[in-house]
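For reference, the structure is listed below as structure tokens.
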Amino acid sequence: MNGSRLKNKVALVTGGARGIGFGIAKKYAEEGAIVVIADVLEKEGQEAVEKLGDRVVFYQIDLRSRDKIFQMADWVQETYGSIDVLVNCAGIARPCPTLKLSEEVLDEVIDINMKAPLFCCQAAGRHMRKNGGGSIVNISSGNTRMINVGRTPYGITKGAVNLLTQQLGAEWAMYNIKVNAIAPGWIRTEMVEKPLKSGILDADKILSVSPIGRFGEVEEVANLACFLASEESNYIVGQIIFADGGWNTGIMPNALEYIRENDKEDEE
């Protein structure tokens, strides 16, 4: 369904070539925004533009460069006259046992997951301040509350995204810039589907600790990202919203079987 909740707003979405970022870019375009997809993946970025139409453009960038991030923000401002929405969605995981974690891998994850969102906030935020305000949506992770072993760099950098969100939410509200984050749980993206098909992940075990009993859809995260970018959320500042089907409530594996077996309707 097309709408106008973001009509004529200019949105910059990092990591928008695929997955959750693509879903957010699609939703924003449907709601009337001009969307700049910023991604290092040229082929996927061009394909995303072909799929989403003439309100979407692709900007290839290596987010490990602070200078390139600032150049990108300046380009968006000069080309479209504003940056109304920033979505920091680009991220990498690089799973490995912590005892085998190398400095090279740690630096790579920190650069993309922690430093890039900060620099993107700086680069877009200075334009937002001059323009009278804007919205920033950071994509965090359910792993900041529910520990997934073997993902130490990912977990600690996404934890930093949560603190960045709270810090900037408090600091920038005076500039009419609202900063919030979404912490997705198990969402059906390529990053999840691939290990499910290979057997690295077990769907039954994952869903055994999910109150909602299913995986999330990209569109469900995109809908929340649209709300946080729109004027409907103007009184929400510095919050991390868990979109995970209740995964962060921390139920034990198969705990819901007890309820199913013992909470049946009384027979008359």
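The values are calculated or read from the model by the stated rules, or taken from the named source; none is laboratory data. The structure presented is a predicted model; accordingly, all values stated were derived computationally and were not measured. Here the Cβ positions follow ideal geometry from the backbone for every residue, glycine too, while neighbour counts run over all protein chains shown. Ligands, DNA and RNA are excluded from the accessible area calculation, which covers all protein heavy atoms including side chains. Shrake-Rupley method; radii C 1.70, N 1.55, O 1.52, S 1.80 Å.
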Revision key, fill the gap. In the neighbourhood of L207 defined by beta carbon distances under 15 Å, the net charge of the other residues (Lys, Arg +1; Asp, Glu -1) is -2
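Inverting the mean 1/r over all pairs of different Cα atoms, compute the Kirkwood radius of the chain and quote it in Å.
Numbers: mean 1/r = 0.0522 Å⁻¹.
19.2 Å is the Kirkwood radius here.
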Review point. When ranked by the protection proxy of mean other Cβ atoms within 10 Å per residue, highest first, what sequence do the peptides 188-201, 39-52, 136-149 form?
Key: 136-149, 39-52, 188-201
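Can you give the relative contact order of the stretch 66-179 as a percent, counting alpha carbon pairs under 8 Å and 6+ residues apart? List each step's numbers first, then the result.
Numbers: 149 pairs, mean separation 38.0, N = 114.
Relative contact order comes out at 33 percent.
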**Study point:** Solvent accessible area, Å² - L207, 1.4 Å probe, full protein context
**Key:** 50 Å²
Point to revise | Relative contact order of the stretch 18-81, pairs being alpha-carbon contacts under 8 Å that are 6 or more residues apart, as % | key: 29 percent
Revision key, fill the gap. Long-range amide H partners of I187, meaning residues 5 or more apart or on another chain whose placed amide H is closer than 5 Å, are G216
**Study point:** Counting all C-alpha pairs of the stretch 171-268, share separated by more than 16 Å (%)
**Key:** 67 percent
Revision key, fill the gap. The ³J(HN,Hα) series, computed from each phi in the stretch 153-170 with the Karplus coefficients 6.51, -1.76 and 1.60 at θ = phi - 60°, rounded to the nearest Hz and given as x for glycine or proline, is x, 4, x, 6, 6, 6, x, 5, 4, 4, 5, 4, 4, 5, 4, 6, x, 6
Review point. Given H placed on each backbone N at 1.01 Å, which residues far from N138 in sequence or on other chains put an amide H within less than 5 Å of it?
Key: N88, N180, A181, I182
**Study point:** Phi to ³J(HN,Hα) by Karplus 6.51 cos²θ - 1.76 cosθ + 1.60 over the stretch 130-138, Hz, x for Gly, Pro
**Key:** 5, 7, x, x, x, 10, 10, 10, 8
Study note, to complete from the structure: The long-range amide H neighbours of A38, using H built 1.01 Å from N in the peptide plane and a cut-off of under 5 Å, are V13, T14, G15, G16, Y59
Study note, to complete from the structure: Heavy-atom accessible area of the stretch 47-99 with neighbours in place, 1.4 angstrom probe: carbon+sulfur share in percent works out to 46 percent
Revision key, fill the gap. Comparing A203, A255, A93 in a Gaussian network model of the chain (Cα, 10 Å), the one with the largest mean-square fluctuation is A255
